[in-house]
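Step one of this worksheet: look at the structure below.
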Amino acid sequence: MMQAPDLPLWAAIIVGFLVLFGSALTLLGTIGLVRLKTFYDRVHAPTLGSTLGTGAILLASMICFSVLQSRPIIHEVLIAVFLTITTPVTLILLARAALYRDRTEGRGNVPADSMEKKQHRD
Amino acid sequence: MKRFVPFPLLSLALFVMWVLLTGFSPGHVVLGAAVALLVSRVMLLLKPEPATIRFCPAMLKLSWLVLVDIIRSNIAVARIILFRPKNRRSDFIYLPVQLTSPYALAVLGIIITATPGTLWVQHDPQSKVILIHVLDLVDQDAWITLIQNRYEKLLMEIFE
């Protein structure tokens, strides 16, 4: 098996670009956590890292190890699948908790709980 | 067939996962098959609502649309974080949906939340309305028609 320094130049350029791009995007998502002002705005920021950021890094990993071992390595796809189906659960839970808190404390600029009142009546 | 493999798709997914994780050695293919057949039976205890999934071109089309939209909105949200435009307005919108299958709704929830810039917040099964938070809301009706035409129609084809 070849080691990382043996990576041919074309592959090294692609892998390097993808890793940098993915990690830059993930970093940007975390910067967004600081720069955006309200909680609901902030929830959007980390999705940059969990979608395209992760995607680029995983693609880089697939290309790197497929070239090094001269056979297709695709088990990174599993990371993408599991991340895609689990991250929304966390984000939705966080947003719902925030919404519940804002509604019970009567803080403004959240939609009225017309939905929840209806559910209680049933 | 149904008695031995109650959840063929789940078994297949488990098997593929096992084989991908362990590499393609014959021993692990056999072991993975055994795990897939036995473990998927655990789902019988949960008695999930039977899902109707139609394998049709709509699936490929939906995957492609989601991929394109995720890349596009990544760029859009990255721009918002970097440049903080002054006139940006984020707000909640109510989105009426016709979907009733919990699986279709789950997929829609994943799509909306995984796309940066939109977030699924609440769903009311009685009035069939979804509450969505949008990071950069320009035109509320445009968002509603976009989601209805782009995703909901395809999800209807696949699940209902």
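The values are calculated or read from the model by the stated rules, or taken from the named source; none is laboratory data. Computed from a prediction, not measured in an experiment: that's the story for all the values here. Note that each Cβ is placed from the backbone with ideal geometry, even for glycine, and that neighbours are counted across all protein chains shown.
The set of residues in the stretch A:84-102 that are more than 9 Å from chain B (Cβ to nearest Cβ), of a type outside the set (V, I, T) and free of Cβ contacts under 8 Å to residues at least 40 places away in the same chain comprises A:L93, A:A97, A:Y100, A:R101, A:D102. Could you identify the single residue in B:R72, B:R88 that is basic (K, R), under 30 Å from A:L99 (Cβ atoms), out of contact with any His (no Cβ under 6 Å at 6 or more places or on another chain) and not in a loop (DSSP other than H, G, I, E, B)? Answer to the check: B:R72. Of all residues in the stretch A:1-44, those satisfying the criterion of being basic (K, R) and surrounded by 13 or more Cβ atoms within 10 Å (Cβ to Cβ) are A:R35, A:R42.
With respect to (1) of a type in the set (A, V, I, L, M); (2) farther than 21 Å from B:Q148 by Cβ; (3) more than 10 Å from chain A (Cβ to nearest Cβ), the lone exception for B:V16 is condition (3).
Residues that are among the hydroxyl-bearing types (S, T, Y) and out of contact with any Asp or Glu (no Cβ under 8 Å at 6 or more places or on another chain): does the stretch B:50-63 have at least one?
We begin by selecting, within the stretch B:50-63, every residue among the hydroxyl-bearing types (S, T, Y); these are B:52, B:63.
So of that shortlist, the ones also out of contact with any Asp or Glu (no Cβ under 8 Å at 6 or more places or on another chain) come out as B:63.
Yes, the stretch B:50-63 contains a residue that is among the hydroxyl-bearing types (S, T, Y) and out of contact with any Asp or Glu (no Cβ under 8 Å at 6 or more places or on another chain).
Checked against (1) within 11 Å of chain A (Cβ to nearest Cβ); (2) assigned to a strand (DSSP E or B), B:L95 passes all but a single condition, namely (1). Does the stretch A:14-28 include one or more residues that are polar (S, T, N, Q) and modelled with pLDDT under 90? Checked against the condition, which is being polar (S, T, N, Q) and modelled with pLDDT under 90, the stretch A:14-28 yields no hits at all. Which of the residues that make up the stretch B:103-159 are without any contact (Cβ under 8 Å) to a residue 24 or more places away in the chain, polar (S, T, N, Q), within 14 Å of chain A (Cβ to nearest Cβ) and in a helix (DSSP H, G or I)? Scanning the stretch B:103-159 gives a single hit, B:T113. All conditions but one from (1) crowded, with 17+ Cβ neighbours inside 10 Å; (2) away from every other protein chain (no Cβ under 12 Å) apply to B:A78; the one that does not is (2).
Of the candidates A:E76, A:E105, the single residue that is within 17 Å of the chain's Cα centre (by Cα), more than 8 Å from chain B (Cβ to nearest Cβ) and charged (D, E, K, R) is A:E76.
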